[in-house]
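Asker: Let me begin by handing over the structure; questions about it come next.
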Amino acid sequence: MALKIDKTASPMEARGILTQFGSNVIHEDLNFHLPRGEIVGLVGGSGTGKSVLMNTLLGLKEPEGGMIRYFGYDREELSAEQRFELNTQIGVLFQGGALFSSLTVRENIMVPLREHTDLPVKLMRELADMKIHMVGLPPQSATLYPSDLSGGMKKRAGLARSLALDPEILFLDEPTAGLDPVGANAFDELILGLREAMDLTVLLITHDLDTLYTTCDKVAVLVDKHIAIVDSLPKVIAYEHPWVQEYFGGPRSRAALSAGKT
Ligand SMILES: Nc1ncnc2c1ncn2[C@@H]1O[C@H](COP(=O)(O)OP(=O)(O)O)[C@@H](O)[C@H]1O
Ligand SMILES: [Mg+2]
């Protein structure tokens, strides 16, 4: 049966998630949801399980316990075909976000279209070129290979590929890591613009304090194997937890705050 997506339903909800590798427990009783239309920044120390959480929410790693719902549907209860359909509603930019090096930018963006649609190739090309335009790449970049692109352009091309199927939800794992501040700011602005244009709900894993200040509606903190708080940045900064206090109380955080970006 085809999957009917109710766009007013809660985009993503995770309850009581338990994930582990062998005896190494990564998440325990983790609860988390994405409010529709919001950009939620996810922070947490290195190795706390941010990427594993994203993979778990995507169904790439089965949790040992708990429940994940998209638009009110329990992932577990969907047929393989319905999950495939659900996947078209979720765009992903993985950490490091590798493009296929043997494909041009346009061909990279066409990969999800080929996988999930049977549109004529000419139309796929046009859709890919539209996405190239939307992420602010010049039209000529369509026929370039990833090795021809700067770091910032690669991120944009990866973003264009994640948006190929016009998803409702976008997962981004450290998209501005490795970009210079100018490139990172431009990428943040792009995310904000795309959220408006495409009505996206976004989970944005980041280490970038500027991104939290300028781009995120809410900030979620992954610490002690669960999401300890999801709230506005001022509320999160005031949250009494040693890691949170250290993270937001450090000199880099103060610099970002005093730059008036709150
Ligand atoms: N495939 C795997 N097998 C075993 N352990 C893993 C695997 N992937 C991740 N881990 C462990 O899970 C923890 C969280 O990793 P990760 O989600 O990548 O952290 P981060 O918050 O930096 O994104 C780390 O301690 C890592 O060693
Ligand atoms: Mg990670």
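Rule-based calculations on the coordinates, nothing more; no lab input. This one's a predicted model, so the numbers in the text were calculated from it and none came from an experiment. Glycine gets a Cβ as well: all are built from the backbone with ideal geometry, and neighbour counts include every protein chain shown.
Asker: State to the nearest 20 debye the size of the charge dipole of the chain about its Cα centre, where the only charges are +1 on K and R beta carbons and -1 on D and E beta carbons. Please report the intermediate quantities before stating the final value.
Answerer: Values: 25 positive and 34 negative charges, 95 e Å.
In total the dipole reaches around 460 debye.
Asker: Exceeding 25 Å between C-alpha atoms, which entries from my cross-link table qualify? They are K4/K122; K155/K218; K154/K225; K4/K235; K61/K225. It would help to have the intermediate numbers written out before the result.
Answerer: Working: K4/K122 28 Å; K155/K218 23 Å; K154/K225 32 Å; K4/K235 36 Å; K61/K225 16 Å.
Those over the limit are K4/K122; K154/K225; K4/K235.
Asker: Next question, about the same structure. Please get the size of the charge dipole for the range 1-149, origin at its Cα centre, with Cβ charges of +1 on Lys and Arg and -1 on Asp and Glu, quoted in debye to the nearest 20.
Answerer: Working: 14 positive and 18 negative charges, 74 e Å.
So the magnitude is around 360 debye.
Asker: For the chain, what is the convex hull (Cα atoms) projected area averaged across all directions, in square nanometres? Mind showing how you got there, number by number?
Answerer: Numbers: hull surface 57.9 nm².
Average of the hull's projected areas for the chain equals 14.5 nm².
Asker: Relative contact order for the range 171-224 using alpha-carbon pairs under 8 Å, separation at least 6, rounded to a whole percent? Before the final figure, lay out the partial values.
Answerer: Details: 39 pairs, mean separation 24.5, N = 54.
Normalised by residue count, the contact order of the range 171-224 is 45 percent.
Asker: Scan around H33 for amide H atoms under 5 Å from its own, H built in the peptide plane at 1.01 Å from N, and keep only partners 5 or more places away or cross-chain.
Answerer: The list, which skips near neighbours in sequence, is A14.
Asker: Sticking with the crude label model, points 7 Å out along Cα→Cβ, report the distance from S46 to Q20 in nm, one decimal please.
Answerer: About 2.7 nm, to one decimal.
Asker: In the chain, with Lys and Arg counted as +1 and Asp and Glu as -1 at Cβ, which of these residues, G16, A128, Y73, has the Cα nearest the positive end of the dipole, that is, farthest along it?
Answerer: Of the listed residues, the answer is A128.
Asker: Let's see if you can work this out: charge +1 on each Lys and Arg Cβ, -1 on each Asp and Glu Cβ, no other charges. What is the dipole magnitude of the range 68-160 about its Cα centre, in debye to the nearest 20? Show your work: numbers first, answer last.
Answerer: Working: 11 positive and 11 negative charges, 84 e Å.
With only Lys, Arg, Asp and Glu charged at Cβ, the dipole is about 400 debye.
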